[in-house]
Amino acid sequence: MRRLSPASITGLKVIIYLAAILPFLWLLLSINQGWFSADPAKDIQHFTGRMTLKFLLVTLLVTPVARYGKQPLLIRTRRLLGLWCFAWGTLHLLSYSFLELGINNIRLLGSELISRPYLTLGIICWILLLALACTSTLWAQRKMGAGWQKLHNLIYLIAILAPIHYLWSVKVLSPQPIIYATLAAIVLALRYKKFRQWLR
């Protein structure tokens, strides 16, 4: 298989930007046109949450695809994917905070995050994504040394907690959260060698 060139990686990054921005434009259009159900707040929350999960799963796929497909330059897309995952995760948090609780209920948000276990898992995921986003630069990587990799290994914890958060958040179990949980399990299974080394 022919290896990707730097120009191909640039093209992939353009596709990533489109894959992140076009759904946001569709979200705005759907809000404007009233395409959501009778509970648009829930629809928006689930849409932004699913987008976060999609970018999380694709971010985790980059390394195994690069390794098994012998495409080392593909790693250059991982940071961009991770940042968009954080951006959609932030939209997900904001949609819950403002649409569910109201813009003036910051204190209520704190109590909700503590009292509802699925929300606790969600905010843990967001805090970890924030830490990864803030340390995603080459400067942070050089500054932190070996600690950088240890911190960024927390993405595996996010990949476990985020699907549980989704499964726990739905009142009626539907195929979608199960599908995302299954995909997360498959993506994590691709890293079994790394996990086995940790256990040793």
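Remarks
- Checking Arg2 against (1) surrounded by 11 or more Cβ atoms within 10 Å (Cβ to Cβ); (2) at pLDDT below 90, the condition it does not meet: (1)
- When Thr48 is tested against (1) touching a residue at least 24 places away in the same chain (Cβ under 8 Å); (2) closer than 18 Å to Tyr96 by Cβ; (3) more than 20 Å from the chain's Cα centre (by Cα), exactly one condition is not met: (3).
- Restricted to the range 122-200, the set of helices (runs of 4 or more DSSP H) holding at least 3 residues that are in contact (Cβ under 8 Å) with a residue 40 or more places away in the chain comprises 155-169, 175-189.
- Conditions (1) open to solvent by less than 70 Å² (accessible area, probe 1.4 Å); (2) more than 15 Å from the chain's Cα centre (by Cα); number of the one not met by Leu130: (2)
- Exactly one residue out of Leu81, Leu60, Leu25 is of a type outside the set (D, E, K, R), loosely packed, with under 14 Cβ neighbours inside 10 Å and at pLDDT 95 or above, and it is Leu25.
- Flag if Ser8 is in contact (Cβ under 8 Å) with a residue 12 or more places away in the chain, surrounded by fewer than 16 Cβ atoms within 10 Å (Cβ to Cβ), among the polar types (S, T, N, Q) and under 30 Å from Asn153 (Cβ atoms): yes
- Residue within the range 33-48 that is open to solvent by 50 Å² or more (accessible area, probe 1.4 Å) and on the phi > 0 side of the Ramachandran plot present: yes
- Just one of (1) of a type outside the set (Asp, Glu); (2) open to solvent by 40 Å² or more (accessible area, probe 1.4 Å); (3) more than 21 Å from Lys171 (Cα to Cα) fails for Phe98. It is (3).
The values are calculated or read from the model by the stated rules, or taken from the named source; none is laboratory data. Only a predicted model underlies this, so the values are computations on that prediction, with no experimental measurement involved. Because the Cβ atoms are built from the backbone with ideal geometry, glycine has one as well, and the counts that use them run over all protein chains shown. Only protein heavy atoms, including side chains, enter the accessible area calculation; ligands, DNA and RNA are left aside. Shrake-Rupley method; radii C 1.70, N 1.55, O 1.52, S 1.80 Å.
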